[in-house]
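Peer 1: What follows is a single structure, and I will ask about it in a moment.
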Amino acid sequence: MRNRTRILCSLTAAFSLLVCCSCGGRENREHRPTVNLNKVLTNAMSDTADLKGMERKIRNFMQEWQLKGVSLAVMRGDSLYYAKGFGWADQGKEEEMGPGHILRIASVSKLITATGIMLLQEQGKLSLQDKVFGPEGILKDSTYLQSITEKNYYRITVEDLLRHKGGLTTTGGDPMFSTRSIMANNHLKEAPDHKTLLRLVLRRKLGFVPGTSQSYSNLGYLLLSMIIEEVTGQSYEDWTQENILRPAGCRDMHIAHNYYKEKYKNEVRNYVPSNEPLYPEYNNSGRKVERCYGGNDITALSGAGAWVASPAELALFVASIDGRPEIPDILSQESIDAMTEYFDKDTFSFGWNDTNPAVGWTRSGTFSGTSALIKYFPDGECWIFVTNTSTWKGPSFSRITASLFSELRRGWGDKFPKQDLFHE
C-alpha cells in the first residue's frame with residue numbers, strides 16, 4: 001500500500017513543473033465563475049415545480065431532526081444544478097436561509113487542508129514521506145524537541161498525519177476539544193496557542209507506532225496546518241485562501257470565530273438541541289455559554305475543522321479536485337489519484353473519509369451547532385448538505401443524511417433543471 005503511494009507521490013513531484021506550465025492545467029480559468037457565488041445565488045434560481053416533492057421531504061427531515069436551517073447544493077458533471085437554503089439562517093432576526101449564507105463545515109475542513117499539502121508537494125516544498133519532528137523534521141523547533149520523550153514521535157511522516165496513522169489518539173481527551181482540562185492541568189491562565197498546545201501534547205505517549213494502525217485525529221490535521229505555515233511562512237488561512245480557494249474560484253471561505261458577535265456578515269447563527277444545557281466556556285472563565293458559542297475553541301481547530309463556507313462554493317472546490325475536465329483542477333491528476341486512492345475500509349484517504357469507488361467519495365463533519373456532508377457519487381453527481389443545528393446523534397447524523405441523499409436521488413434525480421448556476 002505505502003509503496004504504491006510513494007510511487008504516486010514521486011510521479012506528482014516529477015510532473016509538477018510540466019503540469020504548472022500546461023495551458024490545459026491550473027492556468028486555464030475560463031470555465032470558472034468570475035463572480036462571488038455567494039453574492040449572486042438566490043433561492044429563486046433553483047425553484048422548479050418538478051422538485052416541490054423533494055423540498056417537502058427536506059422540510060419534513062428538518063422538522064424530524066429539529067433543524068433550524070439547512071443549505072443544499074447538487075452538482076452534476078461539474079455543473080451546479082441546484083443551490084437552495086431552507087428554514088432560518090438566523091431565526092432571531094427572521095433571516096431566511098439562502099444559498100449565499102456561509103456555515104461552519106467542521107471536519108470537512110480537512111479536505112481543504114489535505115489539498116494544500118498535496119499542492120505543496122507538487123511545488124517541491126515538502127514530501128509526504130518527510131518526517132514531522134526531529135532535527136531534520138519540518139516542525140523542528142527546539143521547544144518541541146525538548147518536550148518529546150518517546151522516540152516514536154520521530155517516525156511520524158506527513159502521510160501518517162493525512163491518513164490518521166500518526167499514533168495520536170484521544171486517550172486523555174481530544175486535545176482540540178479539552179482546552180479547559182489542559183489549562184487546569186498545566187496551570188494556564190489563558191487558552192494555549194498552537195505552539196503551547198503542541199509542546200504540552202508532545203509529552204504524552206503515542207497510542208501506537210506511527211504507520212501501523214489508525215485513530216482519527218483532529219490534532220493530526222492541526223499539525224498539517226502548522227506544517228503549511230512552517231513551509232510557506234504565511235498564516236494557514238492566508239496561504240490557503242491565496243493558493244487553494246481563490247484559484248478554485250472560492251472567494252468567501254474563512255476561518256470561523258468562536259462567538260456569535262464575531263460571525264461574518266453572511267454567516268448563519270448556530271443552534272444546539274433545545275434541551276441541551278449551558279456549557280462551561282472553553283477558557284475556564286467560569287461563565288456558562290451555549291456550547292456552539294464558546295464551549296469549544298473553534299478558531300483554534302484551524303485546518304482540522306474551522307472553515308466556514310456555503311455548499312455552493314464547496315461544490316466548486318470539489319469540482320476543482322475531482323479530476324473531471326469541465327472545470328480545471330487546481331491539482332495534478334497524480335495528486336488527485338493519490339488523494340482518492342482506495343485501499344480498504346480501514347485506511348483513510350487523504351482528506352476524504354472514504355473513497356470506495358463502489359459507493360463514491362465521502363467527507364463529513366460534525367460538532368456543536370453544525371453538521372456537514374459531501375457525497376460525491378460514482379456517476380459524477382455531488383450532493384452537499386450543511387446544517388446550522390447539531391443533533392443528539394452527533395457524528396452518526398452524517399449516515400442519516402446520506403440515507404436522505406439516496407432517497408432524494410431515487411425520487412428526483414432526473415428532475416433537476418439542466419442549468420449551471422456556476423455561470424448564471
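The values are calculated or read from the model by the stated rules, or taken from the named source; none is laboratory data. For clarity, every value in this text was computed on a predicted model and none was experimentally measured. Reconstructed Cβ throughout: ideal geometry from the backbone, glycine too, with neighbour counts over all protein chains shown.
Peer 1: Considering every residue within the range 303-313, establish whether at least one is in contact with a Ser or Thr (Cβ under 6 Å, 6 or more places away or on another chain) and farther than 22 Å from residue 117 by Cβ.
Peer 2: yes
Peer 1: Looking at the range 34-47, which of the residues that are assigned to a loop (DSSP other than H, G, I, E, B) and modelled with pLDDT of 85 or more is nearest to residue 253 (Cα to Cα)?
Peer 2: 36
Peer 1: Given the criteria out of contact with any Phe, Trp or Tyr (no Cβ under 8 Å at 6 or more places or on another chain) and either in contact (Cβ under 8 Å) with a residue 12 or more places away in the chain or not in a loop (DSSP other than H, G, I, E, B) (or both), does residue 293 qualify?
Peer 2: For residue 293, the condition - out of contact with any Phe, Trp or Tyr (no Cβ under 8 Å at 6 or more places or on another chain) and either in contact (Cβ under 8 Å) with a residue 12 or more places away in the chain or not in a loop (DSSP other than H, G, I, E, B) (or both) - is not met.
Peer 1: Among the residues of the range 302-343 satisfying the criterion of being of a type in the set (Phe, Trp, Tyr) and in contact with a helix residue (DSSP H, G or I) (Cβ under 8 Å, 6 or more places away or on another chain), which is surrounded by the most Cβ atoms within 10 Å (Cβ to Cβ)?
Peer 2: In this case the residue turns out to be 307.
Peer 1: Moving on to the next point. Report the residue count in the range 384-424 for those that are buried (at least 17 other Cβ atoms within 10 Å of the Cβ) and under 17 Å from residue 104 (Cα atoms).
Peer 2: Here the count works out to 11.
Peer 1: Follow-up question, since we're still on this one. Could you please give the count of residues in the range 203-254 that are within 17 Å of the chain's Cα centre (by Cα) and among the basic types (Lys, Arg)?
Peer 2: Matching residues across the range 203-254 total 2.
Peer 1: Tell me, which residue of the range 121-158 that is of a type in the set (Lys, Arg) and in contact (Cβ under 8 Å) with a residue 40 or more places away in the chain is farthest from residue 244 (Cα to Cα)?
Peer 2: Among them, the one singled out is 155.
Peer 1: Look through 167, 92, 134 and report the one residue that is surrounded by fewer than 19 Cβ atoms within 10 Å (Cβ to Cβ), farther than 30 Å from residue 36 by Cα and of a type in the set (Gly, Ala, Ser).
Peer 2: That would be 134, the only listed residue that is surrounded by fewer than 19 Cβ atoms within 10 Å (Cβ to Cβ), farther than 30 Å from residue 36 by Cα and of a type in the set (Gly, Ala, Ser).
Peer 1: Of the residues that sit in the range 310-360 and are among the charged types (D, E, K, R) and closer than 18 Å to residue 78 by Cα, which one is farthest from the chain's Cα centre (by Cα)?
Peer 2: 326
Peer 1: Considering only the range 353-381, how many residues are hydrophobic (A, V, I, L, M, F, W, C), surrounded by fewer than 24 Cβ atoms within 10 Å (Cβ to Cβ) and either touching a strand residue (DSSP E or B) at 6+ places or on another chain (Cβ under 6 Å) or in contact (Cβ under 8 Å) with a residue 24 or more places away in the chain (or both)?
Peer 2: 1
Peer 1: Need at least 3 residues that are farther than 19 Å from residue 82 by Cα per element, so show me which strands (runs of 3 or more DSSP E) inside the range 330-424 make the cut, counting only ones lying wholly within it.
Peer 2: 361-367
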